[in-house]
1. Taking ASP115 as meeting all but one of (1) closer than 22 Å to ILE23 by Cα; (2) of a type outside the set (A, V, I, L, M, F, W, C); (3) outside any helix (DSSP H, G or I), write down the number of the exception.
2. Quick check, is ILE23 touching a Ser or Thr at 6+ places or on another chain (Cβ under 6 Å), modelled with pLDDT of 95 or more and among the aliphatic types (A, V, I, L, M)?
3. Pairs please, first residue from the stretch 5-17 and on the phi < 0 side of the Ramachandran plot, second anywhere and in a helix (DSSP H, G or I) and of a type in the set (A, V, I, L, M), Cβ atoms under 8 Å, 6+ apart in sequence or on different chains.
4. Specify the residue that is nearest to the chain's Cα centre (by Cα); the eligible residues are those in the stretch 96-112 that are free of Cβ contacts under 8 Å to residues at least 12 places away in the same chain and not in a loop (DSSP other than H, G, I, E, B).
5. Can you tell me which of GLU45, GLU114 is within 29 Å of GLY33 (Cα to Cα) and in contact with a His (Cβ under 9 Å, 6 or more places away or on another chain)?
6. Of HIS90, HIS74, which residue is within 14 Å of CYS121 (Cβ to Cβ) and not acidic (Asp, Glu)?
7. Could you please let me know if VAL116 is closer than 23 Å to LEU40 by Cα, touching a residue at least 40 places away in the same chain (Cβ under 8 Å) and of a type in the set (A, V, I, L, M, F, W, C)?
8. Could you list all residues from the stretch 96-124 that are farther than 18 Å from HIS12 by Cβ, buried (at least 21 other Cβ atoms within 10 Å of the Cβ) and either in contact with a Lys or Arg (Cβ under 6 Å, 6 or more places away or on another chain) or β-branched (Val, Ile, Thr) (or both)?
Amino acid sequence: MSEAYNQYLRQHKSYVKDGLFWIIQNIPDLLRGLDATYMLNKLSEHDFSKTMADEYPAYDAYFYGGNRSSKVVHEFELAFLKHLHRNPHHWQYWVLMDDGKAEHIEKVFEMPYEDVLEMVCDWWSFGWAKGDPFTIFTWYDEHKDGIKLHPKTRKTVEDVLLSLKSSLDSRKK
């Protein structure tokens, strides 16, 4: 176990909560009927699975072990897959690859709003870490074509991002 990875996890969770706290203070309408205390408590458990025995060592070795051997990469990929399937705030959680037919069929399900909000705060946390909350917009523009979202979920995500951008822009002036 590395202190560097532990520190990263603490900081990441803190930035995710900072994003939600900022929304609560500046755009409370984005909660859309969700209880703010419930959401803050939910985000207290954000990425908890990364502390589990079948995720933690692989993440730690991959990001902080100084070794990207094929074994380390493979173990990280398996841990990441487990992480995605344990955490509904990841869009990948909502994508089903149905291989029961001659052709693989991909089904993309709609995400619950609370998971959308957590996902956006998760993405946004990396901008908070850099001291630039605007980086989420460039990041999303660069990655949106590879992010598989149900059409209603995509509209929700983009509406949330538009609200964030508008609110941030109005504070710059």
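The values are calculated or read from the model by the stated rules, or taken from the named source; none is laboratory data. Note that this is a predicted model, so its numbers are computed, not measured. Every residue, glycine as well, gets a Cβ built from its backbone with ideal geometry; the counts of neighbours run over all protein chains shown. Side chains are part of the model used for accessible areas, which takes the heavy atoms of the whole protein and leaves out ligands, DNA and RNA. Shrake-Rupley method; radii C 1.70, N 1.55, O 1.52, S 1.80 Å.
1. The failed condition is (3).
2. So ILE23 does not fit the description; no.
3. Going by the 8 Å Cβ cut-off, the qualifying pairs are GLN11/ALA129; HIS12/ALA129; LYS13/LEU43; TYR15/ALA129; VAL16/LEU43; LYS17/LEU40; LYS17/LEU43.
4. So the residue we want is MET97.
5. None of the other options fit; the residue is GLU114.
6. HIS90
7. Answer is yes for this residue.
8. Listed by number, the list holds a single entry, VAL116.
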